[in-house]
1. Anything in the stretch B:69-97 that is open to solvent by 40 Å² or more (accessible area, probe 1.4 Å) and in contact with a helix residue (DSSP H, G or I) (Cβ under 7 Å, 6 or more places away or on another chain)? List them, or say none.
2. Are any residues in the stretch B:41-52 more than 8 Å from ligand 1 (Cβ to nearest atom) and small (G, A, S), and if so, which ones?
3. Within the stretch B:17-40, can you find the residues that are buried (at least 18 other Cβ atoms within 10 Å of the Cβ) and more than 8 Å from ligand 1 (Cβ to nearest atom)?
4. Inspect all residues belonging to the stretch B:31-45 and state whether any of them is within 16 Å of ligand 2 (Cβ to nearest atom), in a loop (DSSP other than H, G, I, E, B) and either of a type in the set (F, W, Y) or more than 17 Å from B:L218 (Cβ to Cβ) (or both).
5. I'd like to know if the stretch B:56-65 contains one or more residues that are touching a helix residue (DSSP H, G or I) at 6+ places or on another chain (Cβ under 7 Å) and either more than 14 Å from chain A (Cβ to nearest Cβ) or of a type in the set (S, T, N, Q) (or both).
6. Of all residues in the stretch B:92-101, which are modelled with pLDDT of 95 or more and either at the interface with another protein chain (Cβ under 8 Å from one of its Cβ atoms) or over 20 Å from B:T175 (Cα atoms) (or both)?
7. Among the residues in the stretch B:46-54, are any at pLDDT 95 or above, more than 9 Å from every other protein chain (Cβ to nearest Cβ) and away from ligand 2 (no atom under 16 Å from the Cβ)?
8. Having 3 or more residues that are within 21 Å of the chain's Cα centre (by Cα) is the bar; report the helices (runs of 4 or more DSSP H) wholly within the stretch B:239-290 that clear it.
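The values are calculated or read from the model by the stated rules, or taken from the named source; none is laboratory data. From a predicted model like this one, the values you see are computed outputs, not experimental measurements. Neighbour counts are summed over all protein chains in view; Cβ atoms, including those assigned to glycine, are modelled from backbone coordinates with ideal geometry. Ligands, DNA and RNA are stripped out before the accessible areas are found, and what is left, the full protein with its side chains, is counted by its heavy atoms. Shrake-Rupley method; radii C 1.70, N 1.55, O 1.52, S 1.80 Å.
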Amino acid sequence: MTVQATENVSTSYSQPSDRRGGFYTAKRFGTPLLVIAALGGLLLFLYSRGEPDKIEAFALNWDYMLAKIDEHIRISLFSAIVVALIAIPMGIVISRSKSRIVSAVVLGLANVGQATPAVGVIILLALTFGIGWATAVAALVIYGLLPVLRNTITGIAQIDPNITEAARGMGMRPLQVLFKIELPLAVPVILAGFRTALVFSVGVATIATFINAGGLGEVIVVGLKLTRPAVLLTGAIVVSCIALLLDWLAGLAEDALRPKGV
Amino acid sequence: MANKTGATIELLNVSKVYPNQPEPAVENFTMTINPGELVMLVGPSGCGKTTTMKMINRIIEPSSGSIKIDGQDILTLDQNQLRRNIGYVIQQIGLFPHMTIAENVAVVPTLLGWSKDKIRARVAEMLELVELDPSVFSNRYPKQLSGGQQQRVGVARALSADPPVMLMDEPFGATDPITRERLQAEFQQLQANIGKTIVFVTHDFEEAIKLGDRIAVLSKRSKIEQFDTPANILANPASEYVASFIGEGAALKRLALMRVDSAVESGNATGPAISRDENLRVALDSVVLNAGRPVPVVGGGRVSIESISAALGIDVSRLGQ
Ligand SMILES: Nc1ncnc2c1ncn2[C@@H]1O[C@H](COP(=O)(O)OP(=O)(O)O)[C@@H](O)[C@H]1O
Ligand SMILES: [Mg+2]
């Protein structure tokens, strides 16, 4: 039932990585190499240009950049964790409910959250709750909820019903069925959703700068406003590298946490 | 319910109406199953076999009627406690893919809180019982096993806490014919040793004859058309419906259930001797191979077309082509 409801609302969900595929192997080694190449190229480019002007020097120094990177990763990770803490239990509760309507409504709302442009979400929230870090986190959470929610529901719904019936038939209580059978089997799909949410989170966090929540968005905005392409480029490349690296790390975690035998 | 030799199961006027269904799937089903008895529920697809069986461990809740195991009304028991005392084997096997074979077999003992040592010993014992070498299979995962091996694990898992009652829903239905024969033969041997009370669902009448102590032939809404031993059903089908379900070759099937003992006549014969413990189907084959002449029986006497016909009550000279 939930499967159908899930399909009615949105047909695609983030797929778990395929351990065996050649694509996966390439990605496992390719991602860190790509990141190193991009950052190395960026540094070469910046040093080869000679002395930065005053504005560039404001942004393009290690202390400032490291502080912004730190802010950015913190807000992204924190939001992604809040997303997981909300969306996974919510997905579990929804997949318990026999009614398709519940799951359709919740997924619909989450869809709206995600389909709304991120800037819109952030500005709406800022107008309501004021600017600042907490508001930015709230926006990121609203934005990242859908993939984790959808994948939790899909991950549980895709389990062969004969497996859960066998578990019940052996006298497992409902919570035992959930924790010993359903969640372990749904882990790869749930983590795939979490990865998607994490990458969204890094991207959307660049917009947090508009409501004073810091992050690498600030670097990008400085570059744009004061027409310093080098600064803009630096901000953009570093954000992309963070997204790639977090996705890569989450992929490794996904592999490590995937139950054996599945 | 904790005894080891099997329990009595009594179903009284049990009905099941699924929500939004015009007709009941099971209607007024009444049956008493004796301790240690293997009862086969056989009937066409959709007649309500599975529904009837699953009400015994409350995977499906009855709409009305009562079910007792050793005199205890199961609706008054905690359903999880109940299920831990009923072995459960389904056609789709339902092994837990993320658990090793040993972990799968250990599920119910673990739920019952057995000690680690006791569980380990029990798992090895169960795997040996179903002819899987524990040192080879314990640490494998289900997907590394063939279908037949997986089904054996399913049986081992259901037996691991030594439940007095077993429910089996077409357990060998998904395996190929050769594997199925083997599993059936092994299972027959197993049941001879463990003597559980077993409710076994199948749509395969041959399987029902081969394994059942008694067979319930069911029609729509799980109506019992006949409930008797395989031999009696084959000899005296209660209705057209049962007769058509038995199908062709009923006499031959019956022969396979009778021992040479029952057809020995005095007299001499030449040819290869046959054991008294063989079944009459084999005896008839021997006679036919002996150009229709009687064959000697080990320990004295002989069997002939006439003596086999007399034992069966049907002229067998026209059978067996
Ligand atoms: N969960 C269910 N909801 C509604 N009808 C069902 C359900 N399960 C089985 N039925 C119906 O009940 C009847 C008996 O089904 P079942 O017990 O599975 O038969 P069998 O095992 O003999 O093939 C069938 O008509 C089937 O369609
Ligand atoms: Mg069935």
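1. Result: B:Q92, single match.
2. Passing the criteria: none in range.
3. B:P24, B:E27, B:F29, B:M31, B:I33, B:E37, B:L38, B:V39, B:M40
4. no
5. Yes, the stretch B:56-65 has at least one match.
6. Matches in the stretch B:92-101: B:L95, B:F96, B:P97, B:H98, B:M99, B:T100.
7. Within the stretch B:46-54, not a single residue is at pLDDT 95 or above, more than 9 Å from every other protein chain (Cβ to nearest Cβ) and away from ligand 2 (no atom under 16 Å from the Cβ).
8. Here the list reads B:240-246, B:250-257.
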